[in-house]
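The structure under discussion appears below in the form of structure tokens.
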Amino acid sequence: MINKLSTFKNKMFHTTIGNIGHLCIILSFVASVIATFGYFKSVQTTDLDQQESWKRFSRYAFYIHGAAVVGVIISLFSIIYNHYFEYHYAWSHSSKALPVYYIISCFWEGQEGSFLLWIFWHAVLGIILIKTNKHWEAPVMAIFAAVQTFLCSMILGVVLPVIDLKIGSSPFLMMREAMPDLPIWQMKPDFIAEDGRGLNPLLQNYWMVIHPPTLFLGFATTLIPFAYAMAGLWRGEYSAWIRPALPWALVSGLVLGVGIIMGGYWAYETLNFGGYWNWDPVENASFVPWLVLVATIHCMIIYKTNQTALRTSFILVIATFILVLYSTFLNRSGILGEASVHSFTDLGLSGQLLIYLLFFLFIAIGLLVWRWKEVPSDEKEVSTYSREFWIFLGATTLCLSAFQIIAATSLPVYNKIVEGLGFVSKLAPPADAPTYYSKFQLWFGVGMAVFSGIGQAFWWKKIKQENFAKYFLTPLLASLILTFVVIFFTTKSQTGDFFESPTYIILLFGGIFSIITNGSILFDIFKGNYKLSGGAVTHIGVAMMLLGILFSSGYSKVVSINTAGFNISNDKSFTDNNGKENKENVMLWLNTPQKMDDYTLTYKGVRVEGRELPDYLRPEQVEIIENDFHAVALQDIEQKGKKYYSKGDTLPVFPENKYYEIDFRDKDGKITTLFPRFQINKKMGNSVSPALKRNLGTDLYTYVALAPDLDQREWSKTENYSVAIKDTFFLNDYVAVLDNVTRVNEFEGKPLGAGDAAVQATIKVMGKEFIQYEIKPIFVIRGGMVAMPPIENNEVGIRAKFVNIDPKTGKFEFAFNTTQRDYVVLKAIEKPLINLLWIGTLVLSLGFVMAIIRRYREFRLMRDKGL
């Protein structure tokens, strides 16, 4: 009775948390609607007292909205953290085995959680805007609250009666509500799963703890310039909005850019496509708004000297925000289901997402068209020798780059539209996306580099037609000389041959030219006021990134060349493209050194990852408990001089991950051990993750392309051999010798008793390259019972049992089985100068920070003066 009462109380408590969470969702939605209405009334009324009254009312409504959002987050995280698997969201995305930092990642793995993360950032940013800019509060927050209304509707999870229309998908659905057709409900109505499905193993990476919040903060910040632009059009203040919006546009550029780079670095460390950017549609959909945003920032900066940039700024600010909504639609509507590995499945929200997108698109375009003639614009043409001209060219290049990417990415959308009109469209995304996009984006990269250098020079120097050569001849000649110096040393070091790809020479020149011109400007600025140097620093970072991309992608080199003289595999993935993968992989036999380029490789075996251990485990140290994320220690486990577990202890492990220990010995004898990973991933299919050998100038990017499943291998029929000491015989095509048989005094770590006996044989097997291996089967008599445990050696694929002793003949009988030797097939790629890319991102970020500080100080100074 007591147990039933306790169970009932727990059930009520668990249900109450979900009910509170759902109530908070409804409250946040209603509060955002009220705040939108209140702020709208505040803008529209001309009575000052009424304005303040409505503004104060709306402010409190938005505060309630923010508090309700926090309530939703606390409720959902409590459900996930405490493993309340009666909730579908907790069951779908978490498990008991996950550590706390990955449980945090579970929060935003699903659509509802990621929408909630986006809503949270908007709420935080909205409160900051309320506190920091009272003059623009009403119109800006009216837009903010309206956006929050639409976003909250995505997780509302209510069904309208009569018309039976579902609005949103709630993260607080019970399992029985989400999956009502499961047979288990008929047999056990109160069924609760013992454990959840867990977080996608690919996302169990430290970058996935910080990448999504950063990316969604970047998405959220794009709303601020948009809201200011809409407020400026609404109130007829066509240029005043830029001063408060510009620092936020820079913040958005920094945060969104960092978020994108984090995703690229995660892909580089986790996926095995050979790089950091694969032109996946979802990757593209986040990159395009950033490109347009950067173009927007440049136009906002020059509007004072050329008012034509004001109209362009309105267009680009609107385009940036709409592109964020469009990328959300692409990612979450299910329309990219077959074209992207990152896209979410459709939860029935595609209609809502489309309404969300079209609502703000029509509102923004309507306002702009209404006010277009009133927006100031210069009638005179921009001179070729003006800074505005070159900055416009740079912004245009960024927009063209974005257009090319989004046009190809949107092919599935075009197909759906055509099909919706009753026609047939078979436009397919490019089969080789990296090659397709790169042949266009390479030229846009050249333009960005060159225009950034020229634009900075025009911005800071008084350049006219008559002195044009004076300012550009020196950096031009220096860039040409350095370009040919780099080409010479690149060819000499056999890193690559620029003359095979003339377009690479142009990109190399563009990157060097940008660094030299921006570097000279930076030097001049530092002699005056270094606080003004954010633009030059940012452009240098971009140029470094372009050069890093050029070398690491354009001149990456496969060094795992197959010299064995036979095909590794007849699998289609190895035989396609004229047997490309058979030629570009090496086979490594267990504990057999193999030469590869400048390295000697030795495969040391499969390893298991313990969750709380500094190093990996050998398989013989533990026994994995199936479907439990734990293992039993088969021996004491000591690492780095510390004992972590005793024999028989249970320890948490990552059972889905297999690591392959491979030693890389360089020409100087230095050994680096890498652990490429194979992952059993039921959610997205089994996957391979690389291991990286990092050097100052080059990364060695390695992954296991093929490996046998030792648990599923087949052994040959048993063969018995009766041999005397020093006899020679053949096993699995190897020469074997019974070296000796000796008495032992213990078995399985325990001493033998007075009436017990045990002998151990040492069989030496001569492997390839004359490497000698030992197999030591044992024959035991303990307590009147005979034990003949099989001993396996994966290096030669032999299993041996000591089965009999014949004292008359002095011979010993052994039973042998043979199988395929343990091996891995490894691919290794050199990525030269990839650190230029990562260093460039840091320099780029530093430049953004410097620009943000400068522009915010300017805004604050004018705000405090009442301007």
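The values are calculated or read from the model by the stated rules, or taken from the named source; none is laboratory data. All of these numbers come straight from a predicted model, not from anything done at the bench. Because the Cβ atoms are built from the backbone with ideal geometry, glycine has one as well, and the counts that use them run over all protein chains shown.
Residues in segment 564-598 that are within 17 Å of ALA705 (Cα to Cα) and assigned to a loop (DSSP other than H, G, I, E, B): ALA564, PHE566, ASN567, ILE568, SER569, ASN570, ASP571, GLU584, ASN585. If the condition is being among the basic types (Lys, Arg) and part of a loop (DSSP other than H, G, I, E, B), then segment 353-408 contributes only LYS380. On inspection, LEU203 passes the criterion of being over 30 Å from TYR228 (Cβ atoms) and crowded, with 20+ Cβ neighbours inside 10 Å. Only a single criterion out of (1) over 24 Å from the mean Cα position of the chain (by Cα); (2) closer than 16 Å to GLY610 by Cα is not satisfied by TYR660, namely (1). Scanning segment 846-853 turns up no residue that is under 37 Å from the mean Cα position of the chain (by Cα), assigned to a helix (DSSP H, G or I) and under 30 Å from SER560 (Cα atoms). Annotation: of all residues in segment 280-303 being under 24 Å from GLY394 (Cα atoms), at pLDDT below 90 and of a type in the set (A, V, I, L, M, F, W, C), the one that is surrounded by the most Cβ atoms within 10 Å (Cβ to Cβ) is ALA285. Scan segment 823-843 and tell me whether some residue there is under 30 Å from ALA449 (Cβ atoms), polar (S, T, N, Q) and modelled with pLDDT of 90 or more. For segment 823-843, residues under 30 Å from ALA449 (Cβ atoms), polar (S, T, N, Q) and modelled with pLDDT of 90 or more: present. Of the residues making up segment 210-260, not one is of a type in the set (D, E, K, R) and surrounded by 24 or more Cβ atoms within 10 Å (Cβ to Cβ).
Residue by residue, here is whether (1) on the phi > 0 side of the Ramachandran plot; (2) of a type outside the set (Asp, Glu); (3) part of a helix (DSSP H, G or I); (4) out of contact with any Phe, Trp or Tyr (no Cβ under 6 Å at 6 or more places or on another chain) holds:
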{"residue": "PRO213", "(1), (2), (3), (4)": "no, yes, yes, yes"}
{"residue": "LEU217", "(1), (2), (3), (4)": "no, yes, yes, no"}
{"residue": "MET230", "(1), (2), (3), (4)": "no, yes, yes, yes"}
{"residue": "TYR238", "(1), (2), (3), (4)": "no, yes, no, yes"}
{"residue": "LEU246", "(1), (2), (3), (4)": "no, yes, yes, yes"}
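PHE629: free of Cβ contacts under 8 Å to residues at least 12 places away in the same chain and either of a type in the set (Phe, Trp, Tyr) or on the phi > 0 side of the Ramachandran plot (or both), yes or no?
The answer is no for PHE629.
The strands (runs of 3 or more DSSP E) found wholly in segment 773-832 and carrying at least 2 residues that are of a type in the set (A, V, I, L, M) and farther than 27 Å from ASP711 by Cβ occupy 785-787. Against the criterion of being more than 30 Å from GLU774 (Cβ to Cβ), surrounded by 19 or more Cβ atoms within 10 Å (Cβ to Cβ) and of a type in the set (Asp, Glu), GLU581 qualifies.
What about MET141, is it within 29 Å of the chain's Cα centre (by Cα), touching a residue at least 60 places away in the same chain (Cβ under 8 Å), buried (at least 22 other Cβ atoms within 10 Å of the Cβ) and not assigned by TED's automatic domain parsing to the domain that holds ILE318?
no
So that you can scan it fast, the table gives a plain yes or no per residue for (1) surrounded by 12 or more Cβ atoms within 10 Å (Cβ to Cβ); (2) among the hydroxyl-bearing types (Ser, Thr, Tyr); (3) at pLDDT below 90:
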site	(1), (2), (3)
THR397	yes, yes, no
ALA402	yes, no, no
GLY420	no, no, yes
LYS426	no, no, yes
THR435	no, yes, yes
GLN441	yes, no, no
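Being farther than 10 Å from ILE834 by Cβ and among the β-branched types (Val, Ile, Thr) is the filter here, so list the residues in segment 686-706 that pass it. Residues satisfying the conditions are VAL688, THR702, VAL704. When we screen GLY797, GLY784 for residues that are out of contact with any strand residue (DSSP E or B) (no Cβ under 6 Å at 6 or more places or on another chain) and on the phi > 0 side of the Ramachandran plot, the only hit is GLY784. Among the residues of segment 59-113, those identified as under 30 Å from LYS134 (Cα atoms) and of a type outside the set (A, V, I, L, M, F, W, C) are ARG59, TYR60, TYR63, HIS65, GLY66, GLY71.
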